[in-house]
Amino acid sequence: MKIGQQATIVEFNIDTIPLKLLEMGCLPGNRVELLQIAPLGDPLYFTINDSHVAIRIETARQIEVTF
Amino acid sequence: MAEKTIKVALIGNPNTGKTSVFNQLTGLKQQVGNYPGITVEKKIGYCRLNETTRATILDLPGTYSLNASSIDENVVIELLLNRKDENFPDVVVVVSEVENLKRNLLLFTQIKDLEIPTILVINMSDRMKLKGIELDIPYLEAQLKTKIALTSSRKNIGIEEIKQRILEYQSLPTEPCLNASSIDPEYFDKLRKAFPNQLVYKLWLVITQDVNFLNLERNEMKSSFTKSHTELRRLQQKETIKRYQFINDTLKVGQTIDRSKAGNISARLDRILTHKIFGYLIFFVILFGIFQSIFDWSSVPMDFIDEKFAQLATYTATHLPPGEFTNLITEGIIPGIGGILIFIPQIAFLFLFISVLEESGYMSRVVFLMDKIMRRFGLSGKSVVPLISGTACAIPAIMGARNIENWKERLITILVTPFITCSARLPVYAILIALIIPEKHVLGFISLQGLTLMVLYLLGFGIALLCAFILHKVLDLKTKSYFVVEMPGYKIPMAKNVGINVVEKTKSFVFGAGKIILALSVILWFLGSHGPGDEFKNAEKIIEQKVYNSPVPVNPAVIPNWTAEYKLEHSYMGIAGKMIEPVIEPLGYDWKIGIAVVSSFAAREVFVGTLATIYKVGDQSEEETTIKEQMRHEIHEDGSPVFNLASGISLLLFYAFAMQCISTLAIVKKETNSWKWPMIQLVFMSGIAYVSALVAYQFLK
């Protein structure tokens, strides 16, 4: 994803995704927007389901999205 | 007339303004303590509802849901599951905020499932217009089966409404909003049959969390209702989806958002504050500003405290009848209390800045900027704050590590923070550098002495990162590594919240670490002013004899100094100094430096003072130069100077690395809740100090 791009969550690895992220609204069908990438390429700053959250790339990799 | 007390628990997501609601409800009528056995802060406040009723309000740690992922969150669940807990609330107040209502309601629906009377507070209502949000309160109340109080804690609106709702708590409906057990009816039916007296949702929480519940053995329950981790997670996911479905349906009718009105100041600020170049630039400018002000502003009250305590000591020394008790007061207790109070200005300023940065939402951005760099060293982006604070004093810095959720990252942060050059090292560095580094300039403008000081700062920071890296590889702690940081919208910090925070943190330092500093100062005083045997007792006579037998005439002015030195040499502390001489000799120190090193275990800055006593410096006004001169002229028996480049560098390294701060150890004990970690810290830091000092001395000798 590029900065400013939006996508829809399709699926994710349920064993490795922190539950906290699900509670923030990171669920299949919800919209995500990549707001910022930290200067060294990690972590990433998203809007998920109207919440503003930063997560590490390793976590973000576990989430599959479509555009 | 008997007074009625209603027990209230305040629960909510982080960043909803829960603490400001708490502060508005209770004012300064608060008590901060710890939950037994853990370092989670327990805040209880009191508030009068009407003439006959008052409320005890428990401010529970912020949590996103009833699925615990940290000890803070565990506290919330354990309390809500245990009706026998003395703090079990009569009524729960869930604090949510207008902009993130959807997410906030997740926690609300979970609490409703526990069938406890629950009030919903929708906070930050003053931002509704700005964000183009409208709410249909009667509809939401009906759907969510609760009473709603629309508030703005910032503007003190709606606080009376909350109080009124609390008073009427008995009329609140207790039925759940939705039926969570429909995610796997068969499984939940079995649960219901096995434990007919219990709420199914409670059982479900017990199964999915690591909490103990009543007398039910978790294992017993687990064995009959085992599901694999994945299956449980899948069910939890289903549960979360189901709750969001309900919330979305409710909000579709009950909430209208006009997105065109949503002015997006936060997004614009983010673009600058987390920018590749400007982000770091702004961060370092802010850092620099904080340092400047901490050192500049707090030097005035610190000098004032120092001076007043010195005056007080002189006053008591001259006005109280001479004797052991007076000595204890003037040489032990007063300097001891002064040693605690002198830290207050720096600590208060530091907490002021940190809580302003936190309240405004900027701290999350710093964490975001620094995470990648810090992670290489086993630290988290959140470790930046303690490491910065450590340049003032390790004590508030270590307390600041509390918000790191990952225990391993938090522990490493706590363990390495004392390596950072704190303000107490400065007087020691200053005098040693002046002694051994020539007052020369390289390249015409760089002062060699200034350069050395900077190298020492960098050395402290470097060794902190190095040790963090080693600890990261060595420590085998199983903690789930996750990093989810909410980036809250920017807000102007509220003076009341910041004020209460600064007062609470400072108080906690004074009463926590203060007791230990005081006790140790008294012990050190005793050891330095008492000694076994006749040599200590008869010091005056022995010196008199010496003067009498001296072949050359002795200036009578030096006699009290000689006596003091002789006494010190034969006091318990002097004996200890002599005893450790074989250990410190390879580092280039004699027994006098040994005493200074031992006594500065209480606090590093004691070093200069102790040497001043030992090297019999009488004149207070010229202390700095005279000590320096005395130290320069101090010679070994063979005539070589005691303080040369080798022993000086060795001492500098020792002070840079050694754990010589009893208050830091005390706070580490408090934060980790065991003596194990401070002891490990003491051993490894002193070990590094000893070895590096040894190597430096042996090489340079």
- Item | Dipole of chain B, positive end: most advanced residue of B:106, B:677, B:487 [Cβ charges, Cα centre] | B:106
- Note on the structure: Cross-link reach from residue B:131 to aspartates and glutamates, straight Cα distance under 15 Å and at least 8 residues apart if same chain, gives A:50, B:97, B:99, B:258
- Query: Taking the Cα atoms of chain B, what is the range of coordinates along each of the three principal axes, in descending order and whole Å?
  - Reply: 103, 66, 52
- Message: Which one, B:527, B:349, B:119, projects farthest toward the positive side of the charge dipole computed for chain B from Cβ point charges (K/R +1, D/E -1)?
- Response: B:119
- Message: Given an 8 Å cut-off on Cα distances and at least 6 residues of separation, report the relative contact order of chain B as a percent.
- Response: 10 percent
- Query: On average, how many beta carbons from a partner chain sit within 10 Å of the beta carbon of a residue in B:264-275?
  - Reply: 2
- Task: Please order B:490, B:315, B:697 by the number of other Cβ within 10 Å, starting at the fewest.
- Result: B:315, B:490, B:697
- Task: State which entries of B:541/B:578; B:537/B:669; B:29/B:112; B:242/B:491 exceed 27 angstrom in Cα-Cα distance in the structure shown.
- Result: B:537/B:669; B:29/B:112; B:242/B:491
- Once Lys and Arg get +1 and Asp and Glu get -1 on their Cβ, which of B:337, B:47, B:433 lies farthest toward the positive end of the dipole of the protein assembly as shown? B:47
- Note on the structure: Cα-Cα longer than 22 Å, checked against B:18/B:408; B:408/B:676; B:276/B:372; B:190/B:238, kept in input order, equals B:18/B:408
- Considering the alpha-carbon set of the protein assembly as shown alone, what are its Rg and its Dmax in angstrom? 30.9, 105
- Rounded if a/c under 1.5, otherwise prolate or oblate - segment B:1-262, Cα gyration tensor axes: oblate
- Query: When a footprinting reagent is the concern and you count Cβ atoms within 10 Å, what order do B:159, B:265 take, fewest first?
  - Reply: B:265, B:159
- Query: How big is the charge dipole of chain B about its Cα centre, in debye rounded to the nearest 20, if each Lys and Arg gets +1 on its Cβ and each Asp and Glu gets -1 on its Cβ?
  - Reply: 2740 debye
- Once normalised by the length of segment B:1-262, the mean sequence separation of its alpha carbon contacts under 8 Å that are 6 or more apart gives a contact order in percent of 20 percent
- Message: Let me confirm one metric for peptide A:31-41, namely the mean number of other chain beta-carbon atoms within 10 Å of its residues' beta-carbons.
- Response: 5
- Query: By how many degrees, between 0 and 90 and to the nearest 10, does the Cα long axis of helix B:559-569 differ from the longest principal axis of chain B?
  - Reply: 60 degrees
- Using the alpha-carbon atoms, what tilt in degrees (0 to 90, nearest 10) does helix B:278-319 show relative to the longest principal axis of chain B? 60 degrees
- Mind giving me the nanometre distance, one decimal, between the label points for residue B:495 and residue B:186, set 7 Å out from Cα along Cα→Cβ? 6.4 nm
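When the helix-only estimate is applied to chain B (DSSP H runs of n ≥ 4, each -39,500 (n - 2.57), divided by the residue count), what is the mean residue ellipticity at 222 nm, nearest 500 deg cm²/dmol? Working shown, then result.
Numbers: 32 runs with 413 residues, N = 701.
Mean residue ellipticity at 222 nm (helix-derived): -18500 deg cm²/dmol.
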- Dipole magnitude of the protein assembly as shown about its Cα centre, charges +1 at Lys/Arg Cβ and -1 at Asp/Glu Cβ only, in debye to the nearest 20? 2240 debye
- Note on the structure: Fewest-first ordering of B:204, B:407, B:525 by Cβ atoms within 10 Å yields B:407, B:525, B:204
- Note on the structure: Scoring chain A by relative contact order with C-alpha pairs under 8 Å, at least six apart, yields a percentage of 39 percent
- Task: Under a cut-off of 20 Å between alpha-carbon atoms, report the aspartates and glutamates in cross-link reach of residue B:515, not counting same-chain residues fewer than 8 places apart.
- Result: B:41, B:306, B:331, B:504, B:605, B:671
- Message: Between 0 and 90 degrees, rounded to the nearest ten: what's the tilt of helix B:495-529 against the longest Cα principal axis of chain B?
- Response: 30 degrees
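A short reminder: the numbers here are calculations on the coordinates, not readings from a lab. Being a predicted model, the structure only gives us computed values, none of them experimental. Virtual Cβ from ideal backbone geometry, glycine too; neighbours counted across all protein chains shown.
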